[in-house]
Amino acid sequence: MIEGGFIKLHRKITKWGWYHDPNTFRLFVHLLLTANYEPRTFEGRIIQRGQRAASVAGLGRETKLSVKSVRTALNHLKSTNEVAIETTPKFSIITIKNYDLYQQGANETANEGQAKGKRRANEGQQWKKDKESKRKIKKDKEERGTPTRNAYGEFENVFLSDQEFENLKERYPLAFGGKIERLSRYLMNKGKNFQNHYATLLNWLDEDMQNDNDNEIKAGKAKASYDINELEKIDTLDFIE
């Protein structure tokens with residue numbers, strides 16, 4: 001008896017003539033569940049799709065119905081042309097009429113489900129590969145001495161290595177934080193980016209240094225020598241569109 005998979009059962013079966021006959025309905029659904037969905041060989045005989053090799057006694061054991069109830073149910077199904085029965089010396093071959101009509105699309109749905117499952121599995125494997133690849137790239141950079149950059153600023157769009165951040169903190173302890181925030185807002189508002197955020201911050205801070213004395217810079221009183229709206233005019237800055 002076939003195990004696994006599923007069958008389609010339309011709601012309109014509630015309008016079927018044998019729906020309210022429990023034994024007939026039970027046997028018919030059982031035949032739908034156990035009929036071949038593809039040709040198979042049984043005791044030297046090819047049992048086609050929509051057919052089932054069985055005996056009355058065997059169907060009784062499978063459905064927990066008496067032999068008499070099985071015979072009555074089969075006669076009901078034959079009378080309304082739901083099934084056809086061919087008798088052989090060893091067993092009977094029960095053919096479900098219109099099996100393809102009942103089960104149209106069931107195999108396609110099953111195959112589609114299998115395809116989706118396989119696709120999700122492949123996507124999961126690809127995600128693992130990508131993650132591992134990124135980890136290796138990061139490790140290679142660290143081994144080559146290429147620093148990993150962290151995100152700073154209100155919009156987390158200013159990228160500095162740990163060493164670059166510490167350099168700014170050491171050289172401009174009171175001014176560098178404000179410049180990072182200004183750069184973060186500028187990048188967000190303008191939709192542009194600088195080739196190197198560390199170099200950009202150094203340019204800005206050095207520009208202030210040139211226009212104000214060292215004491216004012218260290219005291220945090222330096223006045224910016226430029227207006228944020230004029231940044232694009234500074235020749236020392238190289239934008240990347």
(message) Name the residue that is nearest to V83 (Cα to Cα), counting only residues in the stretch 3-26 that are touching a residue at least 12 places away in the same chain (Cβ under 8 Å) and assigned to a helix (DSSP H, G or I).
(response) T24
(message) Checking the structure you have, find out if any residue of the stretch 53-76 is assigned to a strand (DSSP E or B) and more than 27 Å from H10 (Cβ to Cβ).
(response) no
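Yes/no matrix, rows are residues, columns are (1) over 18 Å from R149 (Cβ atoms); (2) in contact (Cβ under 8 Å) with a residue 60 or more places away in the chain; (3) loosely packed, with under 14 Cβ neighbours inside 10 Å; (4) in the same structural domain as A151 (by TED's automatic domain parsing):
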residue	(1), (2), (3), (4)
E164	no, no, no, yes
R171	yes, no, no, yes
I180	no, no, no, yes
N189	yes, no, yes, yes
F194	no, no, no, yes
(request) Filter the stretch 26-41 down to the residues that are among the β-branched types (V, I, T) and within 22 Å of S66 (Cβ to Cβ), then identify the one that is surrounded by the most Cβ atoms within 10 Å (Cβ to Cβ). (result) T34
(request) Pull up the stretch 47-105, narrow it to residues that are more than 16 Å from T24 (Cα to Cα) and among the β-branched types (V, I, T), then point me to the one that is surrounded by the most Cβ atoms within 10 Å (Cβ to Cβ). (result) I47
(request) Scan the stretch 6-24 for residues that are within 14 Å of Y102 (Cβ to Cβ) and within 40 Å of the chain's Cα centre (by Cα) and jot them down. (result) F6, I7, K8, L9, H10, R11, K12, I13
(request) Mind counting the residues in the stretch 41-56 that are charged (D, E, K, R), closer than 20 Å to N98 by Cβ and in contact with a strand residue (DSSP E or B) (Cβ under 8 Å, 6 or more places away or on another chain)? (result) 1
(message) Restricting to the stretch 27-56, give me the number of residues that are in contact with a helix residue (DSSP H, G or I) (Cβ under 6 Å, 6 or more places away or on another chain) and without any contact (Cβ under 8 Å) to a residue 40 or more places away in the chain.
(response) 2
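The values are calculated or read from the model by the stated rules, or taken from the named source; none is laboratory data. Predicted model, so just to flag it, every value in this text is computed and none were measured. Using ideal geometry, Cβ is built from the backbone for each residue, glycine included, and neighbour counts are taken over all protein chains shown.
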